[in-house]
Amino acid sequence: DDNSNTKNIPMDRKESPVVRGVSDTVVGVLGGGQLGKMLCQAASRMAVKVMVLDPLADCPAGSVAFRHVVGSFDDGDTVESFAKRCGVLTVEIEHVDAVTLERLERQGVDCQPKASTIQIIQDKYLQKLHFSQHGIPLADFMQVDDTESVKKAGDMFGYPLMIKSKKLAYDGRGNAVARSQEEISSAVSALGGYGRGLYVEKWAPFVKELSVIVARGRDNSMSCYPVVETIHKDNICHIVEAPANVTEQVKNLSIDIAKKAVDSLEGAGVFAVELFLTSDGQVLLNEVAPRPHNSGHHTIESCYTSQYEQHVRAVLGLPLGDPSMKVPAAIMYNILGEDEGEPGFYLANQLMKRALSIPGASIHWYGKPVTPRVAIIMGSDSDLPVMKDAAIVLDSFGVPYEVSIV
Ligand code: ATP
Ligand code: MG
Ligand code: MG
């Protein structure tokens, strides 16, 4: 009956503060890139106010945020004054001032996920140590300080050897491969030398890369998105296929590892767990992102609750939504304009128009100020091969966006 809901409201309305939406809490986001933009879009539907902190006046999230504070998320004083204007603080990038976050947390600022999580994740070597100590399967790794130690690692792990920067890594811009002992010095120089802080990983002979997005609420409830396959081009996520075309056994193993990894970290929010599947059916953890992730763009159109809405719900302590897919399959193209400025924007614009003519395709223009980037998400009420046809049509359009369908 109609009265049942009102009867269950425990507080006297006259005395309770008026909440003009699902929550009055202002969500502060460190970073205003495309992930921040999509977060703002999801929050806006629920009338949740999101403030973003980003140094670029024309950052992608700026146009859709409730408020955009222009400033560095890597500067202690800036982060502190920003945090004081928000009810809960979260991130869309992990390269933020984690030391300040720890201090603010001690002063009572509500950080979700916790500062400890950001601190572990932002240093990839620390991250590997952390996960190995928690019994999560990963490729062997070792800290390196000089050529001697890399040679030693090469002797132990073999070649090719993956050399990685501990910090400030994204889109593979902290990775260099040495295919033999002779290539060590050029690989190290490409990364900026040992002073940057390097470690090495044994080559993971993967047949597929997978990703699992796990959400954790403030009440510690957990919820997992379907396992997806990510296909990288030049170290950058290029295609995402949802769900991944792997056995139930591999899916279950991936979800178990992803949950275990997230369980070892503190705080609420969504976490993306990047995984390698090897030819003998082993699943190894590559890295975790403590935030929404490009492997989860497809959830906007293909799942009942997108990863962005889920992140907002999680950090605010609202009930988590349903992460399951409402279409049998979806494919996401993460397309980077290869030309800066006008030629790049012209081609991206043409490509977007072509994509708009494909039934079921949705367009997300990231709004990067310099180089155009778009995500094209195609959902399907049939199956993946049909979408691949659409994707091939899309690919055939522009030479700069040439894509191989695997
Ligand atoms: P992201 O943009 O996902 O944050 P990143 O710069 O942190 O990327 P990684 O995820 O460490 O970089 O690596 C990028 C890609 O390089 C991986 O997705 C994978 O294709 C490849 N790669 C990374 N580590 C290894 C490894 N040990 N063996 C083989 N390939 C690897
Ligand atoms: Mg990374
Ligand atoms: Mg990665």
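The values are calculated or read from the model by the stated rules, or taken from the named source; none is laboratory data. This structure is a prediction, so every number in the text was calculated from the model and none was measured. Counting neighbours? That spans all protein chains shown, and the Cβs are built from the backbone with ideal geometry, glycine included.
Quick notes on this one:
- Residues satisfying the stated conditions in region 99-124, i.e. without any contact (Cβ under 8 Å) to a residue 24 or more places away in the chain, within 18 Å of VAL315 (Cβ to Cβ), of a type outside the set (Gly, Ala, Ser) and not in a helix (DSSP H, G or I): ASP110
- Whenever a residue of region 360-371 is more than 17 Å from GLY36 (Cα to Cα), its partners that are in a loop (DSSP other than H, G, I, E, B) and at pLDDT 85 or above, lying with C-beta atoms within less than 9 angstrom and at least six residues away or across chains, give the pairs GLY360/VAL327.
- No other residue among ALA187, ALA215, ALA244 is touching a residue at least 12 places away in the same chain (Cβ under 8 Å) and surrounded by fewer than 22 Cβ atoms within 10 Å (Cβ to Cβ) apart from ALA187.
- Selected residue [more than 16 Å from ligand 3 (Cβ to nearest atom), out of contact with any helix residue (DSSP H, G or I) (no Cβ under 7 Å at 6 or more places or on another chain), part of a loop (DSSP other than H, G, I, E, B) and among the hydrophobic types (A, V, I, L, M, F, W, C)] from VAL327, VAL370, VAL315: VAL370
- Filtered by the rule that a residue be outside any strand (DSSP E or B), within 11 Å of ligand 1 (Cβ to nearest atom) and either crowded, with 18+ Cβ neighbours inside 10 Å or among the charged types (D, E, K, R) (or both), region 155-165 gives a lone residue, PHE157.
- Of the residues making up region 1-32, those that are in contact with a Leu (Cβ under 9 Å, 6 or more places away or on another chain) and at pLDDT 95 or above are THR25, VAL27, GLY28, VAL29, LEU30, GLY31, GLY32.
- Residues satisfying the stated conditions in region 170-181, i.e. under 20 Å from PRO290 (Cβ atoms) and either crowded, with 19+ Cβ neighbours inside 10 Å or more than 16 Å from ligand 3 (Cβ to nearest atom) (or both): GLY174
- Taking the criterion of being within 19 Å of the chain's Cα centre (by Cα) and more than 8 Å from ligand 1 (Cβ to nearest atom), the residues of region 278-292 that qualify are LEU284, LEU285, VAL288, PRO290, ARG291, PRO292.
- Criterion applied to GLN133, GLN112 was being away from ligand 3 (no atom under 16 Å from the Cβ) and either surrounded by fewer than 17 Cβ atoms within 10 Å (Cβ to Cβ) or modelled with pLDDT under 95 (or both), and the one residue passing it is GLN133.
- Some residue of region 125-143 being away from ligand 1 (no atom under 16 Å from the Cβ), out of contact with any Leu (no Cβ under 7 Å at 6 or more places or on another chain) and not in a loop (DSSP other than H, G, I, E, B): yes
Results for (1) in contact with an Asp or Glu (Cβ under 6 Å, 6 or more places away or on another chain); (2) assigned to a loop (DSSP other than H, G, I, E, B); (3) within 16 Å of ligand 3 (Cβ to nearest atom), shown as yes or no for each residue.
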| site | (1), (2), (3) |
| --- | --- |
| GLU183 | no, no, no |
| GLY195 | no, no, no |
| GLU209 | no, no, yes |
| VAL212 | no, no, yes |
| SER223 | no, no, no |
| HIS232 | no, no, yes |
| LYS251 | no, no, no |
| GLY267 | no, yes, no |
| GLY281 | no, yes, no |
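- Residue within region 73-95 that is at positive phi and at pLDDT 95 or above present: no
- For region 70-101, the set of residues classified as surrounded by fewer than 16 Cβ atoms within 10 Å (Cβ to Cβ) and within 20 Å of VAL288 (Cα to Cα) consists of VAL99 only.
- Listed conditions (1) aliphatic (A, V, I, L, M); (2) closer than 17 Å to LYS208 by Cα; (3) within 12 Å of ligand 1 (Cβ to nearest atom) are all met by ILE257, apart from (3).
- Residues within region 293-315 that are away from ligand 1 (no atom under 13 Å from the Cβ) and buried (at least 24 other Cβ atoms within 10 Å of the Cβ), tallied: 15
- Any chance ARG67 is within 17 Å of MET38 (Cα to Cα) and free of Cβ contacts under 8 Å to residues at least 60 places away in the same chain: yes
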